[in-house]
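Accompanying notes for the structure given below.
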Amino acid sequence: MTCYQCQNDIINPPLDLSQSTYYPLDWSEDQPIPTVSAGQACVITVNVPTRYYANVTFYRQFPYATGSYALYSNNKVVRIENNDPNPFFFVSPQFKVNLQTVNSTAYTTKFAFKIVWTPLPTVSKRNIMIEKNSPPVAVFPSAYMTTFIGDQGTQLSLMAFSLADSANSYFLRQSAIYAGDTVDAEFIGTLDQVLTSRYPLTARGNKISVLTFDLGNYFYCPLFMSQATSDVRGYQVYLGRNCEDQGPCTVTLDGSLGNSLTVTEFDGSETIQGFRAFPESAVINVYENTVSMVTRVAQFNATNYQEQLPFKVNGFMKFYELIGTGMYDMIVTHN
């Protein structure tokens, strides 16, 4: 195939949704990745039918990092990178691909993608009630669609957990979050978007639902948690951290933007073995099961932390609250 010029194209799903769609149209994955002409700039809009999702694999070979992006229907942008064989899931109503090449023949840029049109899974629903002034409820991925429900007039927020092995983080983009209790509600994000933002995703109403497709086949650990929005205010960073069952685990307490809260969930105690560094710019409060003065079991600062270590933390959920600023790498082990 010779070089192709991209256009501001609109791709509609085929009448036969069992047939894959390719871009460019005369390419398929058994051929070399086609070369894009120099000096191109276009946006390809792909319409996704209701109750389907587009399982999209991008094929990209650029000599530079920029130039190709995907835009979800919630207006969140992700960069498309070289040598990423792992698919993206885009739900209805559409997604967009922004493609740009430099105006120089000194560079060779290759780009294509394949769409597999797939019905959203038919799953049972699991409703979880969320109350104000209560700790978050963490959930493992499963074959259910999880819907968190708050009292009327209560806004809900959703936080994501990092994976024990960050190399697997691409799996988290295979998820869908809705501001309601069905897949017909407004799509507001994916778990990888929430984790990357390090900030709670807030729905406008009192319901928020998460679809994790088949992630339950790969991970037996919490991937997300929900709490009343009024209980997450005051933190610039709020996320969960999964660790391996064996060996030391580095839990980064991120105060780069100010106060933060990091949660681990483990059915057993864990021990804080140390910190790689402890700047004087913050204090760290440790809580068991919920955040309150009654459940605070330790407070570390730059002058007293060493004399308290190692420190054992009990409870099913452990909360590490950073008040101040700075980055703190905390080493923990599971007992």
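Take the residues in region 252-270 that are surrounded by 19 or more Cβ atoms within 10 Å (Cβ to Cβ) and hydrophobic (A, V, I, L, M, F, W, C); name whichever of them is modelled with the lowest pLDDT. Once the filter is applied, the top-ranked residue is Phe266. Met293: of a type in the set (A, V, I, L, M) and free of Cβ contacts under 8 Å to residues at least 12 places away in the same chain, yes or no? Answer is yes for this residue.
The set of residues in region 258-294 being more than 25 Å from Val137 (Cα to Cα) and either part of a strand (DSSP E or B) or of a type outside the set (Phe, Trp, Tyr) (or both) consists of Gln273, Gly274, Phe275, Arg276, Ala277, Pro279, Glu280, Ser281, Ala282, Val283.
Scanning region 81-138 for residues that are surrounded by 17 or more Cβ atoms within 10 Å (Cβ to Cβ), touching a Phe, Trp or Tyr at 6+ places or on another chain (Cβ under 7 Å) and in a loop (DSSP other than H, G, I, E, B) returns Ser92, Leu120. Just one of (1) aliphatic (A, V, I, L, M); (2) surrounded by fewer than 22 Cβ atoms within 10 Å (Cβ to Cβ); (3) not in a strand (DSSP E or B) fails for Leu172. It is (2). For Ala70, the stated conditions hold: it is touching a strand residue (DSSP E or B) at 6+ places or on another chain (Cβ under 9 Å) and without any contact (Cβ under 8 Å) to a residue 40 or more places away in the chain.
Residues of region 201-217 that are touching a Ser or Thr at 6+ places or on another chain (Cβ under 6 Å), buried (at least 17 other Cβ atoms within 10 Å of the Cβ) and over 19 Å from Gln155 (Cα atoms): Thr212 alone. No other residue among Gly240, Gly216, Gly205 is assigned to a loop (DSSP other than H, G, I, E, B), touching a residue at least 24 places away in the same chain (Cβ under 8 Å) and either closer than 24 Å to Asn314 by Cβ or not assigned by TED's automatic domain parsing to the domain that holds Asp84 (or both) apart from Gly205.
The values are calculated or read from the model by the stated rules, or taken from the named source; none is laboratory data. None of the values given here were measured: they were computed from a predicted structure. In this analysis, Cβ positions are derived from the backbone assuming ideal geometry, glycine residues included, and neighbour counts consider all displayed protein chains.
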